[in-house]
Amino acid sequence: MSQIKFNWPICGHQNIVNFLQHSIQQDNLMNAYLFYGSQHLGKTAVAKYFIQSIFCSAEQRPCQQCVLCQQIQKNIHPDIIWLTRNEDKKNITIEQIRELRQKLRLESFLNSYKIAVIQQAELMTTEASNALLKTLEEPSWHTIIILIADQIKLIPSTVISRCQTLNFKTVSRQTISQFLKDNSKLNKLDIEKIVALSLGRPGIAMNFIQQTDSWLEHTKRAKEFVNQILVNQNLNQRFKYIQQLAGEQKTFIESQNSWQEDLMMWSLIVRDLILIKKNLSQAITYLEFENQLRQVTSDYTLQQLTKFLYNIQQTGMYLKRNLNPKLVLENLILSI
């Protein structure tokens, strides 16, 4: 067997990358994999390079030039099924899994592997998980199922036990910084800001680089929180700010995702204030407006900030229970 060369421009996760590449080299692929870890770590990117390298026949894989590589990149390869929850649903349904099982039973168009990638796998209903379990217990020849999940604890143990589990962890600031230096034209200061905001998650850093507007929008929303909630002591104006945010939401799912993102942002800002209070400013996330944060710290005691951080985390749990976002957020503001 000739030695395959690989070209996976992945930031971090070297042990996982080495394992998957060795599996391809040795033609020792599993029927089911579970990629798990928090959002934006690069799980889907690794899955795509893995799949491309299985189908690509070039000496260096993936070549990104052949028809197969390009089809996979565009998610239109006939033997690869990408499955996630429907936008109008909170979960992946049993009907979706039944349809997936039916597709996997069909012969490969190219007489090769049939591969299914289930994104947000932790959102499968119990019935959907049980339906998938039947396929995992009796895998078809040359069928590979890749589950991608943010929270492994929400996946039944019976499903986990039938998968090769690969745990994606946060990546060091140094690794992300070097990756950005090698793969972007940003100056050193901007790289430092983005690395701090990424929280060890390369996907966030790459999103900020590829979509400059998202970086600017994120910073804008963070500054608004500081000015409208932490600096502003007028309760009526604070409530108006919450009402404004509530008015931006549309669907239930969009509302849930947006609020959770905002709460994560708020918790990081409060965490920065706590770090500054403790003279640990070298570890803060929002380098962009460190001076303003230093000014804000004088308005709050360490005890107040710690309590507020806890309340933000509790608010996130309340929102996951489908409580009224506006009321929950107003209660949070009252706790400052």
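The values are calculated or read from the model by the stated rules, or taken from the named source; none is laboratory data. This structure is a prediction, so every number in the text was calculated from the model and none was measured. Neighbour counts run over all protein chains shown; Cβ positions are idealised from the backbone, glycine included. Note: accessible area is taken over every heavy atom of the protein model, side chains too, but ligands, DNA and RNA are not part of it. Shrake-Rupley method; radii C 1.70, N 1.55, O 1.52, S 1.80 Å.
Remarks
- Residue, farthest from residue 30 (Cα to Cα), within the range 111-122, restricted to residues that are free of Cβ contacts under 8 Å to residues at least 40 places away in the same chain and in contact with a Leu (Cβ under 8 Å, 6 or more places away or on another chain): 122
- Residue within the range 197-207 that is at pLDDT below 90, farther than 24 Å from residue 274 by Cα and of a type in the set (Gly, Ala, Ser) present: no
- Single match in 268, 309 (criterion: part of a helix (DSSP H, G or I), at pLDDT 90 or above, more than 14 Å from residue 197 (Cα to Cα) and open to solvent by less than 70 Å² (accessible area, probe 1.4 Å)): 309
- Subset of the range 289-306 [over 14 Å from residue 336 (Cα atoms) and open to solvent by 80 Å² or more (accessible area, probe 1.4 Å)]: 291, 294, 295, 298
Matching residues to (1) in a helix (DSSP H, G or I); (2) open to solvent by 40 Å² or more (accessible area, probe 1.4 Å); (3) under 30 Å from residue 299 (Cβ atoms):
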residue	(1), (2), (3)
162	no, yes, no
176	yes, no, no
191	yes, no, no
215	yes, no, yes
218	yes, yes, yes
222	yes, no, yes
226	yes, no, yes
238	yes, no, yes
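- Subset of the range 60-72 (residues that are in a helix (DSSP H, G or I) and surrounded by 15 or more Cβ atoms within 10 Å (Cβ to Cβ)): 68, 69, 70, 71, 72
- Remark: pairs (first residue in the range 34-53, more than 22 Å from residue 64 (Cα to Cα) and open to solvent by 10 Å² or more (accessible area, probe 1.4 Å); second residue of a type outside the set (Phe, Trp, Tyr) and part of a helix (DSSP H, G or I); Cβ separation under 6 Å; 6+ apart in sequence or on different chains) = 36/152; 40/203; 40/204.
- For the range 246-262, the tally of residues that are in contact with a Phe, Trp or Tyr (Cβ under 8 Å, 6 or more places away or on another chain) and at pLDDT 65 or above stands at 1.
- Close pairs from the range 55-66: first under 15 Å from residue 80 (Cβ atoms), partner at pLDDT below 95 and small (Gly, Ala, Ser), Cβ under 9 Å, at least 6 apart: 55/112; 66/57; 66/58
- Of everything listed in (1) in a loop (DSSP other than H, G, I, E, B); (2) under 18 Å from the mean Cα position of the chain (by Cα); (3) among the charged types (D, E, K, R), the single unmet condition for residue 88 is (2).
- Picking from residues in the range 101-135 that are out of contact with any helix residue (DSSP H, G or I) (no Cβ under 8 Å at 6 or more places or on another chain), in a helix (DSSP H, G or I) and over 19 Å from residue 155 (Cα atoms), the one that is modelled with the lowest pLDDT is 105.
- For the range 85-100, the criterion of a residue being hydroxyl-bearing (Ser, Thr, Tyr), more than 28 Å from residue 198 (Cα to Cα), open to solvent by 20 Å² or more (accessible area, probe 1.4 Å) and in contact with a helix residue (DSSP H, G or I) (Cβ under 7 Å, 6 or more places away or on another chain) is satisfied by at least one position.
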